[in-house]
Every structure is written in structure tokens, then in C-alpha cells.
Amino acid sequence: MTEKEKMIAGEPYRADDPELVALRREVRLKLAPYNNEPTYDADKISNMLRGILGETGKGSWIEPPFYCDYGFNIKVGKDFYMNFDCVILDVAPVTIGDNVMCGPKVQLLAATHSLNPEERNFSGTELGKPITIGNRVWIGAGVIVCPGVTIGDEAVIGAGSVVTRDIPARVFAGGNPCRVIKAIE
């Protein structure tokens, strides 16, 4: 397997692989004009976003500035909205459903490292675990979603939460670590 294939499969991979370095450089070359578009031309920004992400549903919008590792591992549904200054570390697939709203400074972090110090510090490898966000989810400002997390349909995640484990559908959850607070009727 190539390092890229290992990365996408969630296997340990070397981020210093020349192909991966080139792909990160490529997306930065696309993000720079996206993040600095002075005219706020909606059609132009939408077209630029389609060139950055792997899949983009109709009516989706990410406010600049926006940062990601690769872009091709990010799939967003229709009418997705992400506010200013958000980060998606997409070393593994990040899949976002339809009608999802994210506040400013949200971080979706599929990247991780081994808990074993020898592997983490001496092997040079990294890991990724997919993130999945269902339909009609609202993620409040400053939320951090950790690697491997799934958030169910119609869930609401309170501002400032750190989501370290799966959140079921139709609940309000919040805190650090994020936990279910109540069901949504």
C-alpha cells in the first residue's frame, strides 16, 4: 500500500511521504486564494470550494478562513454551512450530512497519533480515524470533534464541547468531555 492508501484506511502512515507532502502543498495553494478572496463573490467562492473538497452538496458554504490537510477526504452534503476560522484535519474521511450548521472555530480532527510513546516518538508514523456527522446537525462555536467520532442525525452539540465519543441522534450534548444532556423532543 502507498502511504496515502494507508492514511485513508486508518493504518499507520508516514506524513513525510513525498506524495502526501505534495498533496498538502496543493491544497494550500487552493486555500490561499479562497481565504483571501476580497470580493465575496458567492459563485466564485463556491466554485473554489468545489475544487478543494472531495464532494460538495448544492448550497454548501464554508466562510473563509478555512483550513484542511488534504480536502479530498472531506464530503459535505447539501446546504452545509461552516462559519469562520474552522479546521478539518482530513487524514481520514470526514463525512458531513445535509443541512449541517457549524459555528465559528469548529475543529473536526480525524488526525491522531499512537498512545504508545515509542511508536509516537520514534516510528515517524501517524494515524487517522474517520469522522461522520449526520443530517440536520448543529455544532456550536468552538466545538472540537475528535478522531473516530460519529454524531447522529439532528443532534445539537453545545458551544465549546470536546466530542471524544459517539453522540446519538436527536440529543443535545455538551461539555468536556461531551456527554448527552437531554433528548430532543
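The values are calculated or read from the model by the stated rules, or taken from the named source; none is laboratory data. Keep in mind that this is a model prediction, so the values were computed, not measured. Note that we place each Cβ from the backbone using ideal geometry, even for glycine, and neighbour counts take in every protein chain shown. Surface areas here come from the heavy atoms of the whole protein model, side chains and all, with no ligands, DNA or RNA. Shrake-Rupley method; radii C 1.70, N 1.55, O 1.52, S 1.80 Å.
List of remarks:
- Counting the residues of region 22-44 that are in a loop (DSSP other than H, G, I, E, B) and open to solvent by less than 100 Å² (accessible area, probe 1.4 Å) gives 3.
- Where a residue in region 100-114 is of a type in the set (Lys, Arg) and its partner, wherever it lies, is assigned to a loop (DSSP other than H, G, I, E, B) and surrounded by fewer than 23 Cβ atoms within 10 Å (Cβ to Cβ), with Cβ under 7 Å and at least six apart: Lys105/Asp85; Lys105/Ala141; Lys105/Gly142
- Failed item, numbered, when Lys105 is tested on (1) under 14 Å from the mean Cα position of the chain (by Cα); (2) assigned to a strand (DSSP E or B); (3) charged (D, E, K, R): (2)
- Candidates Val145, Val106, Val171, filtered to the one that is in contact with a Cys (Cβ under 6 Å, 6 or more places away or on another chain) and open to solvent by less than 70 Å² (accessible area, probe 1.4 Å): Val106
- Any hit, region 92-100, residues being open to solvent by 60 Å² or more (accessible area, probe 1.4 Å) and not in a strand (DSSP E or B): yes
- Single residue of region 1-16 satisfying the filter (modelled with pLDDT under 95 and part of a loop (DSSP other than H, G, I, E, B)) that is surrounded by the most Cβ atoms within 10 Å (Cβ to Cβ): Gly10
- Breaking point among (1) over 25 Å from Ile184 (Cβ atoms); (2) assigned to a loop (DSSP other than H, G, I, E, B), for Glu119: (2)
- Every residue from region 58-82 that is touching a strand residue (DSSP E or B) at 6+ places or on another chain (Cβ under 8 Å), over 27 Å from Asp17 (Cβ atoms) and outside any strand (DSSP E or B): Ser60, Glu63, Gly77, Phe80
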